[in-house]
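Worksheet: one structure, shown below.
The values are calculated or read from the model by the stated rules, or taken from the named source; none is laboratory data. Just so you know, these numbers come straight off a predicted model, no measurement behind them. Cβ sites come from the backbone with ideal geometry, for glycine too, and all protein chains shown count toward neighbours. For the accessible areas, the whole protein counts, side chains as well, though only heavy atoms, and no ligand, DNA or RNA atoms are used. Shrake-Rupley method; radii C 1.70, N 1.55, O 1.52, S 1.80 Å.
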Amino acid sequence: MKIIIAKNYQSMSRKAADLIIRQIQMKKNSVLGLATGNTPLGMYKNLVRACKKGEVSFKKTTAFNLDEYAGLSENSKNSYHYYMRENLFKHIDIDKKNIFILNGAAKNLKKECENFEKMIKERKGIDLQILGIGLNDHIGFNEPGSSFKSKTRPVNLTTATRKANRKYFSGINEVPKKALTMGLATIMRAKKIILLASGKEKAEIIAKALKGKIKPTVPASILQKHPDVTVILDKEAAGIILLPKLVK
Ligand code: GLP
């Protein structure tokens, strides 16, 4: 596991975007796994800028998104469909047929997830997966206790996650109780992974995930077993791992 400590959020975002650009330059038809949340917003801005300047083209690139809320249509402003469209896809030259986001409004959610797994396999797997981390150490929507063998599936969201994500909704009751997410095994099959974290509120969970015991109650700890993970942190998120004696 390679850990890069960036001086601030902007620098973290630039470094992450540069790694994606390098990946696409190396392999034009790269298959990316993309994440939502506040953390990757700066990275997406850098990608949009680079694409507009002609430094990178996504024409042959495929994108699979990590997760989506169940019950939200793709036009709902809180859906990850909407987030991806507004923050990345509508500004770059990616071909729509190469965008795969779980449909949270599908009638049969289980089937939707099985089909998503099938599509990833058809594209020969994910070359580079971007991850953020939730305040309870979740990746995607794999909440604490998720099986390390889990595949893409419908899940129940914990109260902690619903509370953390309440800020995007008009109230806690509006936050869906269910979501669809790539599983931990799905994520681990990606050839390369980049984990991003920013801000001091992430310092403790980052220390637990990267230096603590590998166990399902800390879903992100599974990343310690992956052969090619780059973690990019800003100084605040790196705060505790810089003090190794404090890490249990
Ligand atoms: C959500 C998403 C995760 C994301 C996490 C952290 O729960 N499902 O994929 O990593 O939020 O979000 P943020 O980057 O806003 O802290």
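Could you check what % of the DSSP bridge pairs in the chain are antiparallel, to the nearest 5? Please report the intermediate quantities before stating the final value.
Numbers: 8 of 30 bridges.
Among the beta bridges of the chain, antiparallel pairing accounts for roughly 25 percent.
Which part of the range 148-164 falls in the paramagnetic zone of Asn173, meaning amide N under 17 Å from the point 7 Å along Cα-to-beta-carbon?
Taking a point 7 Å out along Cα→Cβ of Asn173, the residues of the range 148-164 whose backbone N falls under 17 Å are 163.
Could you give the accessible area per residue of the range 148-234, probe 1.4 Å, as a whole number in Å²?
Numbers: 4000 Å² over 87 residues.
Roughly 46 Å² per residue, with all protein chains present.
What number, rounded to the nearest 500 deg cm²/dmol, is the helix-based mean residue ellipticity at 222 nm of the chain, given -39500 (n - 2.57) per DSSP H run of at least four residues and division by all its residues? If you can, show how the numbers build up before the last one.
Numbers: 8 runs with 76 residues, N = 248.
One gets -9000 deg cm²/dmol as the mean residue ellipticity at 222 nm.
Which values, in whole Å and largest first, are the semi-axes of the equivalent ellipsoid of the range 79-223 obtained as the square root of 5 times each eigenvalue of the Cα gyration tensor? Write down the numbers at each step before the final one.
Working: eigenvalues 106, 76, 55 Å².
Output for the range 79-223: semi-axes of 23, 19, 17 Å.
When only alpha-carbon atoms count, how far does the chain stretch along each of its three principal axes, as whole angstroms with the largest first?
49, 41, 35
Peptides 63-71, 90-98, 120-128: what's the order by average Cβ count within 10 Å, highest mean first?
On the way: 63-71: 23.1, 90-98: 13.3, 120-128: 16.4.
Taking the mean over residues of other Cβ atoms within 10 Å, the ranking is 63-71, 120-128, 90-98.
At 20 °C and 1.002 mPa s, what whole-number value in µm²/s does Stokes-Einstein give for the translational diffusion of the range 1-123, with Rh from the Kirkwood sum over Cα pairs? Let's see the in-between values first.
On the way: Rh = 15.3 Å.
Once the numbers are plugged in, D ends up at 140 µm²/s.
Ranking request for peptides 36-49, 18-31: highest mean number of other beta-carbon atoms within 10 Å first, then the rest in descending order. Write down the numbers at each step before the final one.
Details: 36-49: 20.4, 18-31: 16.1.
Highest-to-lowest ranking by the protection proxy: 36-49, 18-31.
With just the Cα atoms defining each centre, how far is the range 174-241 from the range 104-164? Give it in Å.
13
For the residue pair Lys52 and Lys90, what label-to-label distance in nm results when each label sits 7 Å from Cα along the Cα-to-beta-carbon direction?
For the pair Lys52/Lys90, the computed spacing is 1.4 nm.
For the pair Lys107 and Asn75, what calculated FRET efficiency results from E = 1/(1 + (r/R0)^6), where r is the Cβ-Cβ distance and R0 = 22 Å, to the nearest 0.05? Could you put the intermediate results ahead of the total?
Values: r = 17 Å, r/R0 = 0.79.
Between Asn75 and Lys107 the formula returns 0.80.
Magnitude of the Cβ-charge dipole of the range 1-116, K/R +1 and D/E -1, about the Cα centre, nearest 20 debye? Could you put the intermediate results ahead of the total?
Numbers: 21 positive and 10 negative charges, 94 e Å.
Magnitude of the dipole: close to 440 debye.
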